[in-house]
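Input: one structure, supplied below.
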Amino acid sequence: MSKVSAGGAKRRKGPASPATPTPATPAPGRGGRAQQKLDTRRRIRDAAWALFTELGYDGTTTKAVAERAEVATGTVFVHARDKADLLMLVMHDRIATTVDAAFEALPRKEPLLPQLLHVFQRLFAMYGEQPLVSQAFVKAFPGASGPNGERMNALTFAFLHRIAALVRDAQARGEVGRDIDPLAAAHNVFALYFAALLSWLSGFVTLGVALDPVLKNALALQHRGLRA
């Protein structure tokens, strides 16, 4: 038997009224977070490129990049280790796009030498669009170790394998000796390409001369050594 309080009879409790459901705020899913991260990265990349072209590489600060991208300065460092790594970020996408377009339009029926010149002409044209930014990149690229520098290194290795594939195709046509290691030949070709860029960076020649005759003659000599 239940007890009665001193102040009066115990009140009988009625059935609890149903609670009104509160709409749940949907948490951003993985896809949403990933897209947000990509959008932020794109804003930082575009802001860095705009400032590099407007103020020059030396005149640009990571703080200015953050302000242009409308993000916190710390957010910039989530996507790039430092200003040099920001440069790798903006150049990675430009180089990747240029290389893809060059191989898409590759003259497949031509011999190896014209094919190589076709690819490098596209790259030199891209460097020529913003020569001061390109010079800063060529100077900073060797030894780049930030996350975007590592992506640039991976892009370079992929590029070497695409050049090696051209060498293999030339072997299949009987143009290049069967005893040639295609990847080793690709490394030689890339070394000639980078040496031509360095001759431009050092001020010895213009960008146009670095391509023709400097790189063109060096590739022609290399091609003679690869012949079957």
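The values are calculated or read from the model by the stated rules, or taken from the named source; none is laboratory data. Values in this document were obtained by computation on a predicted structure and should not be read as measured data. We place every Cβ from the backbone using ideal geometry, glycine too, and count neighbours over all the protein chains shown. Areas reflect the complete protein model, heavy atoms only, side chains present, ligands, DNA and RNA absent. Shrake-Rupley method; radii C 1.70, N 1.55, O 1.52, S 1.80 Å.
Any chance you could count how many residues in segment 200-217 are in a helix (DSSP H, G or I) and either under 12 Å from residue 124 (Cβ atoms) or among the acidic types (Asp, Glu) (or both)?
Residues in segment 200-217 being in a helix (DSSP H, G or I) and either under 12 Å from residue 124 (Cβ atoms) or among the acidic types (Asp, Glu) (or both): 10 in total.
Has segment 152-168 got at least one residue that is open to solvent by 40 Å² or more (accessible area, probe 1.4 Å), more than 19 Å from the chain's Cα centre (by Cα) and closer than 21 Å to residue 216 by Cβ?
no
A follow-up question, please. Would you be able to say whether some residue in segment 195-204 is at positive phi and free of Cβ contacts under 8 Å to residues at least 24 places away in the same chain?
Yes, some residue in segment 195-204 is at positive phi and free of Cβ contacts under 8 Å to residues at least 24 places away in the same chain.
Among the residues in segment 105-112, are any in a helix (DSSP H, G or I) and surrounded by fewer than 18 Cβ atoms within 10 Å (Cβ to Cβ)?
no
Test residue 80 against the criterion of being at pLDDT 95 or above, surrounded by 15 or more Cβ atoms within 10 Å (Cβ to Cβ) and more than 18 Å from the chain's Cα centre (by Cα), and give yes or no.
So residue 80 fails the test.
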